[in-house]
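Comments concern the structure below.
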Amino acid sequence: MQKPVNTYRDAASTTSSYIATFEEHLKKNKTLNSVLFSVLDKQINPLSFAVDLFYCSNQKYPKKAKPGKVPVAILECLREWCNSRDVSRLLTGRLKIEALDKVLQFPSASCIKLVCEIFHLEEEKEHVKYVVSCLLSEKKFKVGYHVISALDLENEFPLESCVFPLFFLGHETYVKAYLNKAPSLQSQFIRILDNLVRNGYALREFVETLDIESVKPKGMRIDVKWVQKRFPAFIEYFNVDIRDCPNLYHSRVYGAMAYLFRRMYSEESIDYEPWEEMMLDTVGDHLDIQKALLVKLISVNEAATAFRFAELLKMNRNDWPDVMKNHPNPPPVSPIVRTSSAADNDIDYLPLRLDRSDIHLVDTPEKLIEAVDDISDNYNMVGLDCEWKPSLGIFKEKAALCQLAVWDSVYLLDILALKEYQSKQVWEYLLRKIFYNEEITKLGYGGINDLNVLIETIGCEKKGGQSYRNVVDLLSFFIKLKTHYPEVAEEIESWHPSQRVDQKGLSQLCRTVLGRPLNKAEQFSNWERRPLRERQVFYAALDAYCLLMIYEKLYPVMKKHGLDLIKVLQTKQTPFKAQKPKRSVQSSPSNQPLPIKDFKVVVDNSVGGVTKYLRLLGADVVALEDGDDHMRAVQIAQSQKRIIITAGAAYKKLSGYVPPNMCFCVDNSLTAKLQISQILSHYKVECQDSDIFSRCTGCKESCPMWDPSLVMCRR
């Protein structure tokens, strides 16, 4: 047996030599089992010795953010050593407390979990709870969380002690993990947050009681908007109906009403009929929001529309706002007839080259089976599209209509009607015969997203090994074509050269390939309303059929160049290493500052808050609208040589389509102003006093018509 060490100096020297040996061993081997097992077997008190080894190995690198390899390896090896031996007599209460104390001096999630497991700290529950309480009172919330998680103590502490401090410090991943293990606390957490979004004063008071100011990141501002931005992620994560959160629900409905009003009377980007449908559906039975809408209508001289809405909403005259009660000449209530506000009468839109009799509404299982059999037996290509009611940030997207177009007809699958039959076998028949059928090419524009929404709506899960087969996304196809076969893309774009750039998405693709854009006036409408209007029917049919028309036009040129859709889509995304790009002020940060007037960016809708500030400082900004696909940012970036500003998962998706440093990921935990600072610093952008307010915050043009009091142009 090894001679016992008698002095502290000798012990420290021996421990240090062991650690040095372990470091050398780890360089050559993956584990310490062979060497550490031998050392532990020679000790009088091996567990206490192992704790000292772990502690000293951490002391060697006290400033490291993560534990080194040796401390973790010691604990992993100790766990295996204990599992192969009876160590119950060695596990004294004093040793357990010592082990917990030492691991908390160099805390990490992995080490805390290992110590709790090895030393059976669940048996010292009361002491551990006391230690956690001390950690939380010292504002060590992350460390406290790791101990709580390791021993499943989530239900032992009130939400205000750990969960809410973690939430307001931006550690949302920890909050979700904590509440996942404590389902009984989820509804309480959601309810408290919902009460806090009601007013800023209550929120400030609540945050003050948490006493987190001293550990809050510098520049972090917690207000109602901050909470409203993060709250919905938890509602979706825990599958909570937003209607169970009355304050957030009310806030979202009011925001949706204001958004629709702006679309109609400020942007003039929607037709009246779909707008009226959406507005009636949105305001519902929210009396205060109904009154706010009527006041807004009166304020823009739309008295006739206001009185019409009062009747359509069946509002009691006593509930009318005073401005309507006192209106001198109430106009007669009648249907509103006006010219299209969304469509330019000078535009020659793409027509549907089928008759109305070729459009078939499928609303029963029998009709669905007939449609599926017709497509699978007679066609090898189908145009695919889905429509759903705009969520407006309130509800989750649910497919209301699925369009399947073949060369001589279009089938409109009425998802709402078909779901009433609750026939899962019919849905599985559709999936098997068409979507999982490799012999049928499915043409879509963002088609995978359409299919995912459809599958989630009808409640059919993919079975093992099943996947969508032969789905061609024309959006991805054209991005790949421009990247890898630019000469082919240029040839296609030369067919119908146009100076107009007001179209986007599939409409712009139709203009490029077919010479005419789609009329998207009906896109933003209530697709859950039955019966569908005739304009909706034709719009839905053309949205799917135009995909076949695009393919028909592309086929000869693709064949001429020896290409096909699948080959282009399977091309790897490595287009930028073949040749060194020309030096550009946008390509990478350099030592020379970049004037902000030359700073051209496209802002993804995941970080829309920076748009106004960048324009205010003088940057040239194009911003995606709510609901735009993230890939639209790639299209704009490639065609206009702009930097993409995005965040989160969207960054991983978009960065593969553009050259290095042409896609920037902002930190979503920062305020918009700090995000701006981050962006300008990275690209070394220089802003002069003369640049400020040189552009309108509402449009991207250099605008001499700005009004400092409005920070908007007078257009």
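The values are calculated or read from the model by the stated rules, or taken from the named source; none is laboratory data. Note that the coordinates shown come from a computational prediction; the quantities given were computed from them, not determined experimentally. Because the Cβ atoms are built from the backbone with ideal geometry, glycine has one as well, and the counts that use them run over all protein chains shown.
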Matching helices (runs of 4 or more DSSP H) fully within segment 1-73 where at least 2 residues are modelled with pLDDT under 65: 8-28
Is it fair to say L248 is surrounded by fewer than 16 Cβ atoms within 10 Å (Cβ to Cβ) and not aromatic (F, W, Y)? no
Residue satisfying all of: in segment 215-239; hydrophobic (A, V, I, L, M, F, W, C) and in contact with a Phe, Trp or Tyr (Cβ under 8 Å, 6 or more places away or on another chain); surrounded by the fewest Cβ atoms within 10 Å (Cβ to Cβ) among these: V215
L179 fails exactly one of (1) over 24 Å from the mean Cα position of the chain (by Cα); (2) of a type in the set (A, V, I, L, M, F, W, C); (3) crowded, with 17+ Cβ neighbours inside 10 Å, namely (1)
Of all the residues that make up segment 476-490, how many are part of a helix (DSSP H, G or I) and among the hydroxyl-bearing types (S, T, Y)? 2
What is the one condition in (1) buried (at least 19 other Cβ atoms within 10 Å of the Cβ); (2) at positive phi that Q290 does not satisfy? (2)
Under 7 Å between Cβ atoms, which residue pairs at least 6 apart in sequence (or on different chains) link something in segment 348-369 that is of a type in the set (D, E, K, R) with a partner that is not in a loop (DSSP other than H, G, I, E, B)? D358/S409; D358/V410; D363/D414; D363/A417; D363/L418
State which residue is nearest to the chain's Cα centre (by Cα) when the search covers only segment 83-118 and only residues that are of a type outside the set (A, V, I, L, M) and under 17 Å from L40 (Cα atoms). N83
Contact list, first residue from segment 239-259 and closer than 15 Å to S391 by Cβ, second anywhere and loosely packed, with under 14 Cβ neighbours inside 10 Å and not acidic (D, E), beta-carbon distance below 7 Å, six or more apart or interchain, is Y249/R243
Among the residues listed as K673, K597, the single one being modelled with pLDDT of 80 or more, in contact with a Gly (Cβ under 7 Å, 6 or more places away or on another chain) and in a helix (DSSP H, G or I): K597
Only one of L95, L75 that is touching a residue at least 12 places away in the same chain (Cβ under 8 Å) and over 27 Å from N155 (Cα atoms): L75
Need pairs with beta-carbon distance below 7 Å; first residue over 22 Å from R262 (Cβ atoms) and within segment 625-643, second aromatic (F, W, Y); sequence gap 6+ or separate chains. V634/Y657; I643/F664
Please indicate, with yes or no, whether at least one residue in segment 130-139 is crowded, with 17+ Cβ neighbours inside 10 Å, farther than 17 Å from D52 by Cα and of a type in the set (S, T, Y). no
Please work out if L210 is within 30 Å of E138 (Cα to Cα) and buried (at least 17 other Cβ atoms within 10 Å of the Cβ). yes
Exactly one of (1) touching a residue at least 24 places away in the same chain (Cβ under 8 Å); (2) surrounded by fewer than 15 Cβ atoms within 10 Å (Cβ to Cβ) is unmet by L506. Its number? (2)
Could you look through segment 431-447, keep only residues that are part of a helix (DSSP H, G or I) and farther than 13 Å from G459 by Cβ, and pick out the one that is modelled with the lowest pLDDT? G447
Take the residues in segment 515-536 that are under 30 Å from S391 (Cβ atoms) and surrounded by fewer than 19 Cβ atoms within 10 Å (Cβ to Cβ); name whichever of them is nearest to the chain's Cα centre (by Cα). E528
Quick one: A306 ticks every box in (1) assigned to a helix (DSSP H, G or I); (2) under 21 Å from S391 (Cβ atoms) except a single one, so which number is it? (2)
Determine if segment 544-555 includes at least one residue that is in a helix (DSSP H, G or I), at pLDDT below 90 and surrounded by 13 or more Cβ atoms within 10 Å (Cβ to Cβ). no
Exclusive hit being more than 35 Å from the chain's Cα centre (by Cα) and at pLDDT 85 or above, set D385, D358: D358
Looking for whichever is among the acidic types (D, E), under 22 Å from the mean Cα position of the chain (by Cα) and farther than 21 Å from L313 by Cα here; the options are E236, E267. Which one fits? E236
Does segment 225-248 contain at least one residue that is polar (S, T, N, Q), assigned to a helix (DSSP H, G or I) and modelled with pLDDT of 90 or more? yes
If you take just the helices (runs of 4 or more DSSP H) that sit entirely in segment 124-219, which of them hold at least 3 residues that are under 24 Å from A109 (Cα atoms), modelled with pLDDT of 95 or more and among the β-branched types (V, I, T)? 125-137, 141-150
If you go through L121, L135, the only one that is farther than 18 Å from N45 by Cα and under 38 Å from the mean Cα position of the chain (by Cα) is L135
